[in-house]
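Okay, structure first, notes after.
Just so you know, all these numbers are worked out from the coordinates, no wet-lab data involved. Nothing here was measured: the structure is a model prediction, and the numbers come from that model. Ideal geometry is used to build each Cβ from the backbone, glycine not excepted, and the neighbour counts take in all protein chains shown.
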Amino acid sequence: APDNTYQIAVDGGQVAATNLAVNASGYTFSGSPIYLNNSSVRMLAVSNGVSVTFSNNLTGNNGNAEIQLGDNGPAATMVVYGTMTGWQPQFSSTNGSVVYLAGSGTSSAGTTHVNADVRMTNGTFNSGGAFVIGRVRGTGGSWQPNNSTGKFTLDGPTTVFNQNSDFISIGRDSV
């Protein structure tokens, strides 16, 4: 099938995975939630130059969840129209890739690390822990441990960021 025509309907109820790698452009996931268990550091990976859309909810078990888009090739794009909930998301990219949070937002996200270009264009991000932008996480905590480049953009009349506990940290430093 040609690019941009891969429709993945999760229609048998929630499915679970320990990691998910998207290596070709044009996948669109929809339907029931995808539960990603934090048994691996890099839970969701999108390869260089790849574009993927999630219209369903992405859920997890309140563990660290690295979401990595690309590394050193062409930029990747991930659009999430569903809700992300139950994770402590760690957005990571070193090649200008973009994550669009364009759905209903997140629900009770734990500590969040933003070391990528993350653009929230709709919904509510409810942060239940520290919200850290542009901080080195060190070895053992990431596939891109020295990455400290991040930006989080809120854009749109229905976009809300709630920091309900802990702190917001913006800047670069070392572990």
Q: Rounded to the nearest 0.05, what FRET efficiency do Ile170 and Asn37 give with R0 = 45 Å and r taken as the Cβ-Cβ distance? Could you check?
A: 0.90
Q. On full extension of the chain, what length is gained from Asn95 through Asn19, given 0.36 nm per residue of separation minus the C-alpha to C-alpha distance?
A. 25.2 nm
(Q) Can you tell me the length gained on complete extension of the stretch Asn61 to Asn126, counting 0.36 nm per residue apart and subtracting the Cα distance? (A) 21.8 nm
Q) In terms of modelled amide H atoms, which long-range or inter-chain residues lie less than 5 Å from the amide H of Val79? A) Val52, Thr53, Phe54, Tyr100
Q. Relative contact order, percent, of the chain when contacts are C-alpha pairs under 8 Å separated by at least 6 residues?
A. 15
